[in-house]
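Step one of this worksheet: look at the structure below.
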There are 2 protein chains.
Amino acid sequence: MTAIPLETTATSAELTRQLCDIESVSGGEGAIADAIEAAARRAPHLDVTRVGDTIVARTALGRDRRVVIAGHIDTVPVNGNLPTRPLVVDGEEHLWGRGTVDMKAGVAVQLKLAVELAEPVFDVTWIWYDHEEVGEEHNGLRRLAAEHPDLMQGDFAILGEPSNGQIEGGCNGTLRAEIRTRGVRAHSARAWAGHNAIHDAAAVLQVLQEYRPREVDVEGLRYREGLNAVRISGGVAGNVIPDECIVEVNYRFAPSRSLEEATAHVVDLFAGFDVRVVDAASGARPGLDAPLAIEFIEAVGATPQPKYGWTDVARFSALGIPAVNFGPGDPTKAHADDESVPVAQIAGTEASLRAWLTRS
Amino acid sequence: MTAIPLETTATSAELTRQLCDIESVSGGEGAIADAIEAAARRAPHLDVTRVGDTIVARTALGRDRRVVIAGHIDTVPVNGNLPTRPLVVDGEEHLWGRGTVDMKAGVAVQLKLAVELAEPVFDVTWIWYDHEEVGEEHNGLRRLAAEHPDLMQGDFAILGEPSNGQIEGGCNGTLRAEIRTRGVRAHSARAWAGHNAIHDAAAVLQVLQEYRPREVDVEGLRYREGLNAVRISGGVAGNVIPDECIVEVNYRFAPSRSLEEATAHVVDLFAGFDVRVVDAASGARPGLDAPLAIEFIEAVGATPQPKYGWTDVARFSALGIPAVNFGPGDPTKAHADDESVPVAQIAGTEASLRAWLTRS
């Protein structure tokens, strides 16, 4: 199979379009990984390693400090929003479509700079990884940290998750749990012989609807929490009283709360129900006092903000590497069906990163 | 393909076991229809016609009255309750497993009598049909009535649905509707940018949980209604605020209420929600004053009861043919995972029908 050619000499916005139009819903990243690998291998200053559908491209210039710059290449499911198209919002040029915000624009900026910057002032490890939008156990960066921790090493890490071109510190933790109700099957014409598990889920949804999420200050940044049903399922057949209903909830919690505390909170909220945690990841404290973080913040000239979404900065934090989020696109548009990124923000992010990496 | 052989000379309980062990969840009735067709064709006194997976076997003795005796050959999904096995409950011999109650025992009694009674006192049309446990549009008897109404004709009809060996008159109507809530997708880390459709379903489940079903007298029989969620679904991915949730409800209504009135009741209960009727069938008034119904009731020596479940007696009613339910098995065990039928009830039903059809 020949990889789809990517024009890394095009603008980062045009490269974003090319990357978005290679559909890459989690689990189907093969084609985009091939394309990125081929583009990276064309740059003689990069040592390229592939692990599954994760591509690692490193400079080896003997610099005294190394920066890791990473982005994920998968998207949530397409919902009538591919191929991408140009869109003008309030007179401002945008690129519209699945992945434009989360996070092909960030990947495009990274790939263009990786190929073009043969002599950055720091050694750089560029990482493009798979399976970020699904269960923790599939995450390409988790796998890389477990199988090749050497390739993750660095003095500072930047994750290109959408942050409106601003620096966002740390991230909320995330936990998914299944809340299960149980009943007794019966023919629906004689419902009194059974017990309806779906009806019992009313109490679970009531808790969710009445829940008021916290806002929490951590190291000067204000984190906003959230608790939501993300899936519900139940039922056997159109004439059977269902004996099970499962509500899957997603709790996003401030980095001041440990995974254990977050789990206890959810178990407590749904006391009396069968609660099973199916996926969980700690948050990350901002960590903006690290020397390279301070330099980077000064270079970009931004006021750091809190990151609401869980991102893989937590994975770098866990390895002791200070890490921030910095990427084009409005994070509130991530996963939305009207996902679109301002073209100027892609160019701006590229310019900031380029200036810092070349100290120009 | 050779049909699976059925021993119609065995007891009706043994024949029930043989029929149950041919798995025949709706949509997969091919093998059991083949087996029944082959058994019927071995009886020289029967004219056999097959329409899809529905088998019609008729005597043509020139009697002045014709009785239609029918049963469905499909079951709801198996849930660890096949193959069948003997079970003793309170010292009474039972046959346990999917389909024993609904309604292979009834089918076994019918098939044994069809093959053995070469000269019944009425002409008899035996019908074994497919797709009763699923959507109205698939029902084999509906198809037969539409495509071959001549094969349905008769002066009186008996449906072998489980009725504890008692005569149950008429049946409740049934209606299935989807109640839909709509939201706006967003990343679950920034839930405030979206709107959660699953949370909104709390109000739908609340209505269901608080609903108190009616009991209604119709022609001296007391019908019990019911309203239940039979399915719920919603969700896009583990980190996306869901934009849709669908609760499928099943309303079972007394035969005094028309389909239009039943629909209006459901629409009214869920006012403000998007309600779509996906499947509906009118009930049937008892009709126990028909001459053959009176003779049959006297012969069996039973006090007629109301039928709660919708059954295809409504289809005969709609053709102007009085019809009752009469079959072995406790209807409250239909679709339950611990479905089991008392062996004595199978034999008793067989004896009653045999005596009436031979006037012995």
Honestly the range A:61-105 on the Cα gyration tensor test (a ≥ b ≥ c root eigenvalues; a/c under 1.5 rounded, otherwise a/b vs b/c for prolate or oblate) is just oblate
Short to long, in 5 Å steps from zero, the percent of alpha-carbon pairs of the range A:1-53 per bin is 4, 20, 27, 26, 17, 5, 0
Spread of Cα-to-Cα distances over 5 Å intervals beginning at zero, given as percent, for the range B:149-236:
3, 9, 13, 14, 12, 11, 9, 8, 7, 6, 4, 3, 1, 0
For chain B (alpha-carbon point model, no solvent) the Debye-based log₁₀ I(q)/I(0) at q = 0.06, 0.09, 0.15 Å⁻¹ works out to -0.25, -0.53, -1.25
Pop a pseudo-label 7 angstrom from the Cα along the beta-carbon direction at both A:A318 and A:A264 and give the gap in nm to one decimal.
2.1 nm
Partner lysines whose C-alpha sits under 16 Å from that of B:K307, ignoring same-chain residues fewer than 8 away, are B:K333
For chain A, what does the relative contact order come out to in percent, with C-alpha contacts under 8 Å and a separation of six or more?
23 percent
Principal axes of the range B:244-360: Cα extent on each, largest first, Å:
60, 36, 20
A:R65 label points, 7 Å along Cα→Cβ, one per copy: pairwise distances from this copy to the rest in nm, shortest first?
10.1
For chain B, find the longest principal axis of its Cα atoms and tell me its angle to the long axis of helix B:197-210, 0 to 90°, nearest 10.
50 degrees
Förster radius 45 Å - calculated FRET efficiency between A:W192 and A:E23 (Cβ-Cβ, nearest 0.05):
0.35
For the range A:55-171, compute the orientation-averaged projected area of the C-alpha convex hull (one quarter of its surface), in nm².
9.0 nm²
Taking the Cα atoms of the range A:218-272 alone, what are Rg (to one decimal) and Dmax (as a whole number) in Å?
16.2, 56
How shielded is B:204-212 by partner chains, expressed as the average number of their Cβ atoms within 10 Å of its Cβ atoms?
4
List the lysines whose Cα lies under 17 Å from the Cα of B:K112, skipping any in the same chain that are fewer than 8 positions away.
B:K104
State the extension gain, in nm to one decimal, for the chain segment bounded by A:T11 and A:T358, taking 0.36 nm per residue of separation less the distance between their alpha-carbons.
123.1 nm
GNM of chain A, Cα pairs under 10 angstrom: of A:A197, A:A314, A:A284, the biggest fluctuation goes to A:A197
Stokes-Einstein at 37 °C, 0.692 mPa s, Kirkwood radius from Cα pairs: D for the range B:142-292 in µm² s⁻¹?
181 µm²/s
Along Cα-to-Cβ, 7 Å out, sits the label point; list in nm, shortest first, how far the one on A:R359 is from those in the other copies.
11.4
For the interface of chains B and A, what total accessible area is buried with a 1.4 Å probe, rounded to the nearest 100 Å²?
4700 Å²
On the Cα set of the protein assembly as shown, report Rg and Dmax in Å, please.
33.4, 108
In nm to one decimal, list the spacings between the A:A118 label point and its equivalents in the other copies, with label points set 7 Å along Cα to Cβ, shortest first.
10.1
Hey, got the average number of other protein chain Cβ atoms within 10 angstrom for residues in A:244-251?
3
Just the accessible area per residue of the protein assembly as shown, please: how many Å² with a 1.4 Å probe?
36 Å²
To the nearest 0.05, the calculated FRET efficiency linking A:A271 and B:E116 through their beta-carbon distance, R0 being 45 Å, is 0.15
Among B:W126, B:W310, B:W192: highest mean-square fluctuation, GNM of chain B, C-alpha pairs under 10 Å:
B:W192
Alpha-carbon radius of gyration plus Dmax, which is the widest Cα pair, for the range B:1-91 in Å
15.2, 47
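The values are calculated or read from the model by the stated rules, or taken from the named source; none is laboratory data. As the structure is a prediction and not an experimental result, all values here were calculated from the model. Cβ atoms come from the backbone with ideal geometry, glycine included; neighbour counts cover every protein chain shown. Accessible surface areas use protein heavy atoms only, side chains included; no ligands, DNA or RNA. Shrake-Rupley method; radii C 1.70, N 1.55, O 1.52, S 1.80 Å.
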